[in-house]
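Right, one structure below, let's go through it.
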Number of protein chains: 2
Amino acid sequence: MTNKKNVTIQMVADRAGVSKSTVSRVISDYPDISDKTKKKVYQVMRDLNYYPSAIARSLANKKSKNVGLVLPADDDFFENPFFRDSLRAIAKTASSRGYDTLIAYNGDNETLSVERLVKANKVDGVIMMRSIISDPTIEYLRERKFPFVLIGKSLDYKDVYSVDTNNFEAAKKITEKLVKKGCKKIAFIGGNKESVVTIDRFNGYLECIKDNNLIFDDTLIQKNEFRKCDGYLSIKRILEKNPDLDGLVVTDAIIFSGVLEYIEKMGKGNKNLNLFNIVIGTFGTDNTYNSKLNIVNVDVDYMELGRASCDKIINILEGKEVNEIDIIDYILK
Amino acid sequence: MTNKKNVTIQMVADRAGVSKSTVSRVISDYPDISDKTKKKVYQVMRDLNYYPSAIARSLANKKSKNVGLVLPADDDFFENPFFRDSLRAIAKTASSRGYDTLIAYNGDNETLSVERLVKANKVDGVIMMRSIISDPTIEYLRERKFPFVLIGKSLDYKDVYSVDTNNFEAAKKITEKLVKKGCKKIAFIGGNKESVVTIDRFNGYLECIKDNNLIFDDTLIQKNEFRKCDGYLSIKRILEKNPDLDGLVVTDAIIFSGVLEYIEKMGKGNKNLNLFNIVIGTFGTDNTYNSKLNIVNVDVDYMELGRASCDKIINILEGKEVNEIDIIDYILK
DNA sequence: CTGAAAGCGCTTACAG
DNA sequence: CTGAAAGCGCTTACAG
């Protein structure tokens, strides 16, 4: 559907009075070309407004110069600021390195959407934006020996290239912060229990609770989905059994928004409930300003996670040496 | 970098005892093939786990089966729920129609990022996610006669394929709603004044103000950027000159969040300011629950905008007939 | 209904 | 330093 009949390498070769081989060589900056030829060819390329066809190069080189970005099929994922920030950083990084970003998403089956790109040779490597236990997409990619980088980490395999935050440590530290602020009864609200993030953060929370000999029982723990409504319901359930709650760790910005809504709503009438005295620790929340609540946040640099994962997959594709796992800093405040 | 040496059309041809031409024909569901051959070929394809190379097809067909999604270079854009929802719908729709979504974004120059994809033949058509006045990307695409669909509308050209909401009408109606609720002095906070959305919504607001002979002066109007801080500062400035403000139209979810923060912050101490009595009309805000404020929202179905724009560009690419402009409904509530 | 051949626009060993 | 030729994996008129 490109209307201007495209100018091809043959045309510039003819016009420059050389062979396509030579033109090809100047395009790819091959060393042994005389300055004269090089100049001439560049000139003609400019005159003709020539731009090599990525498709034809792909076929000849057997590489697409595309990285696939795998978006999970579940709706909640997109609400998380992590999605928009890392997507942006990935697209930008890819572009800066001469690659493009192709989205793998069909709305219902993550693995199928990836398979399609992989089988059709549309991407050279893949970035997975989320880690869960026994991930079928990872199974597929590994079996096919197809290059990929995982944002997060795999609990199933030790040899998966990944970029992660130390979620265990961050969760432990944020819980400790609540303890220092005087909290005695700290609850935990996480997302899906298959999610590696939830698992890591829960373990960090747990370790701190144990270290400090704080109360720990099932009525303080909620793990559901990464949805606002789950935050709402979780805090409700926890408070029913624990009206004396004074601390809360919430692992996700969206869940947190549900928690906040509940507290704002219920705290309004029942001043006696003292809902606003609960100190809350949360992760990756955009906006932690709240006039009535005491909120501590772990800030993960999502852009950096994106950038690092994209650089990593491209490094792998280009045969450069990379670490198995890279850890991105977080900021607790 | 695909490790399994890929099975090609030649291999299945050999194994099936036919020519590649024939295999190619059964792949593309060409009518005049005997059932026997068809069956045989399908069988072999399955046995060999054959999947045609999209790259090779692209080269032969001169189409990539990719649509380019143009993301604006400014940071604020990504904060808007519009971005995530329409992106998702676009990727999903493309996938369902056998296309893939390629992102055009390099972090600083929108037009360049598009040019790159277009020149390299990496996409067959393009979706632009935002409309501004005198958009250089549109200039480029038009000049090149490259197929594209605009989400929003062009004020510069009448013949641009686009998918839009009736922003003028929606803004007028939401302002009317404030009037019905008794507002006498209604301010307007919009985004960038080059943005078509801001222009349309401002005009809708303005018409209602005039129709009702309400106060209209410069101190009531703020147009800055689509940022939270601009919302914060805008409402501040407006209130300085208009302490008796009782209505406010805010054209964007992010700006609105800044307005909200200001009101929450300032309203807390100064009960006399009566900040919480201001009725607010806004657009596309995720979460309009607020225990103290009276908020009216125009809900635009961003997924539908995405879906429609993607279907439209693909229809164009496939030579189907399409409307110049499609209008997506909004819901006022 | 099917095959041989040319072509899509590049790259790259090979030879000089 | 440069060119002729084969090849990447498909499609599609053309001929039968």
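Compare A:ASP159, A:ASP124 by solvent-accessible area with a 1.4 Å probe and give them largest first, with all protein chains kept in place.
If we order A:ASP159, A:ASP124 from most to least accessible, we get A:ASP159, A:ASP124.
Between 0 and 90 degrees, rounded to the nearest ten: what's the tilt of helix A:81-96 against the longest Cα principal axis of chain A?
Approximately 20 degrees, to the nearest 10.
What is the mean number of Cβ atoms from other protein chains located within 10 Å of the Cβ atom of each residue in peptide B:65-73, rounded to a whole number?
Mean number of neighbouring Cβ atoms from other chains: 2.
Ranked from highest to lowest mean number of other Cβ atoms within 10 Å per residue, what is the order of the peptides B:92-105, A:54-67, A:319-332, B:231-244?
B:92-105, A:54-67, B:231-244, A:319-332
For chain B, what is the percent of antiparallel DSSP beta bridges, rounded to the nearest 5?
10
Taking square-rooted eigenvalues a ≥ b ≥ c of the alpha carbon gyration tensor, is the stretch A:184-292 rounded, prolate or oblate, where a/c under 1.5 means rounded and, failing that, a/b exceeding b/c means prolate?
Oblate is the answer for the stretch A:184-292, as a/c is 1.5 or above yet b/c matches or exceeds a/b.
Return one whole number: the accessible area per residue of the stretch A:9-52 in Å², for a 1.4 Å probe.
68
Between B:TYR302, B:TYR205, B:TYR50, which gets the highest mean-square fluctuation from a Gaussian network model of chain B, Cα cutoff 10 Å?
Of B:TYR302, B:TYR205, B:TYR50, the Gaussian network model singles out B:TYR50 as fluctuating most.
Skip the ligands, DNA and RNA, and give the accessible area per residue of the stretch A:167-300 with a 1.4 Å probe, whole Å².
Value returned for the stretch A:167-300: 41 Å² of accessible area per residue.
Residue-wise, which Karplus ³J(HN,Hα) couplings in Hz belong to the stretch A:126-141, taking 6.51 cos²θ - 1.76 cosθ + 1.60, θ = phi - 60°, and x for glycine or proline?
With the stated coefficients, the stretch A:126-141 comes to 9, 10, 9, 8, 8, 10, 10, 6, 6, 6, x, 5, 5, 3, 4, 4 Hz.
Rounded to the nearest 10 degrees, what's the angle between the helix B:110-119 long axis and the longest principal axis of chain B, both from Cα atoms, 0 to 90?
10
Express the Stokes-Einstein translational diffusion coefficient of the protein assembly as shown in µm² s⁻¹, to the nearest whole number, given a Kirkwood radius over alpha-carbon pairs, 4 °C and a viscosity of 1.567 mPa s.
It diffuses with D of about 47 µm²/s by this estimate.
Which Cα, out of B:PHE83, B:TYR140, B:ILE328, lies furthest along the positive dipole direction of the protein assembly as shown (beta carbon charges, K/R +1, D/E -1)?
Farthest towards the positive end: B:TYR140.
With a cut-off of 11 Å, note down the residues of the stretch A:36-60 whose backbone N falls inside the zone around a label point 7 Å from the Cα of A:TYR30 toward its beta carbon.
none
Once the Cα atoms of the stretch B:1-88 are picked out, what are the Rg and Dmax in Å?
19.6, 59
Summarise the partner chain shielding of B:90-101 as one whole number: the mean count of Cβ atoms from other chains within 10 Å of each residue's Cβ.
5
Translational diffusion coefficient of the stretch B:9-52 at 37 °C, 0.692 mPa s, Stokes-Einstein with Kirkwood Rh over Cα pairs, in µm²/s as a whole number.
Estimated via Stokes-Einstein, D reaches 331 µm²/s.
Which of the residue pairs B:LYS145/B:LYS173; A:LYS145/A:LYS320; A:LYS184/B:LYS265; A:LYS119/B:LYS153 have a Cα-Cα distance greater than 27 Å in the structure shown? Provide the component values of the computation, followed by the final result.
Working: B:LYS145/B:LYS173 37 Å; A:LYS145/A:LYS320 17 Å; A:LYS184/B:LYS265 30 Å; A:LYS119/B:LYS153 38 Å.
Too far apart for the 27 Å limit: B:LYS145/B:LYS173; A:LYS184/B:LYS265; A:LYS119/B:LYS153.
Mind checking the mean number of beta-carbon atoms from other chains within 10 Å of the Cβ atoms in B:112-119? Don't jump to the answer; show the numbers that get you there.
Numbers: counts 1, 4, 0, 1, 5, 3, 2, 8.
That average works out to 3.
Taking H as built 1.01 Å from N, whose amide H comes closer than 5 Å to the amide H of B:ASP326, not counting residues under 5 places away?
Under 5 Å from the amide H of B:ASP326 lie the amide H atoms of B:SER162, B:VAL163, B:ASP164, each far enough along the sequence or on another chain.
So which of B:LYS172/B:LYS292; A:LYS223/A:LYS268; A:LYS172/A:LYS223 end up more than 19 Å apart by C-alpha?
B:LYS172/B:LYS292; A:LYS223/A:LYS268
Given the pairs A:LYS185/B:LYS333; B:LYS40/B:LYS63; A:LYS312/B:LYS20, which span a C-alpha to C-alpha distance of over 31 angstrom in this model?
Violating the 31 Å Cα-Cα cut-off are A:LYS185/B:LYS333; A:LYS312/B:LYS20.
Hey, how many Å between the Cα centroid of the stretch A:111-135 and the Cα centroid of the stretch B:274-333?
Using only Cα atoms, the two centres lie 31 Å from each other.
Taking a temperature of 10 °C and a viscosity of 1.306 mPa s, what whole-number D in µm²/s does Stokes-Einstein yield for chain A with Rh from Kirkwood over alpha carbon pairs?
Answer, rounded: 70 µm²/s.
Can you tell me the dipole magnitude for the protein assembly as shown around its Cα centre, using point charges on the Cβ only (Lys, Arg +1; Asp, Glu -1), in Debye to the nearest 20? Don't jump to the answer; show the numbers that get you there.
On the way: 102 positive and 94 negative charges, 303 e Å.
Charge dipole of the protein assembly as shown: 1460 debye, to the nearest 20.
The values are calculated or read from the model by the stated rules, or taken from the named source; none is laboratory data. What you are looking at is a predicted structure, and each value in this text was computed from that prediction instead of being measured. FYI the Cβ positions are ideal-geometry reconstructions off the backbone, even for glycines, and counts take in every protein chain you see. Ligands, DNA and RNA are excluded from the accessible area calculation, which covers all protein heavy atoms including side chains. Shrake-Rupley method; radii C 1.70, N 1.55, O 1.52, S 1.80 Å.
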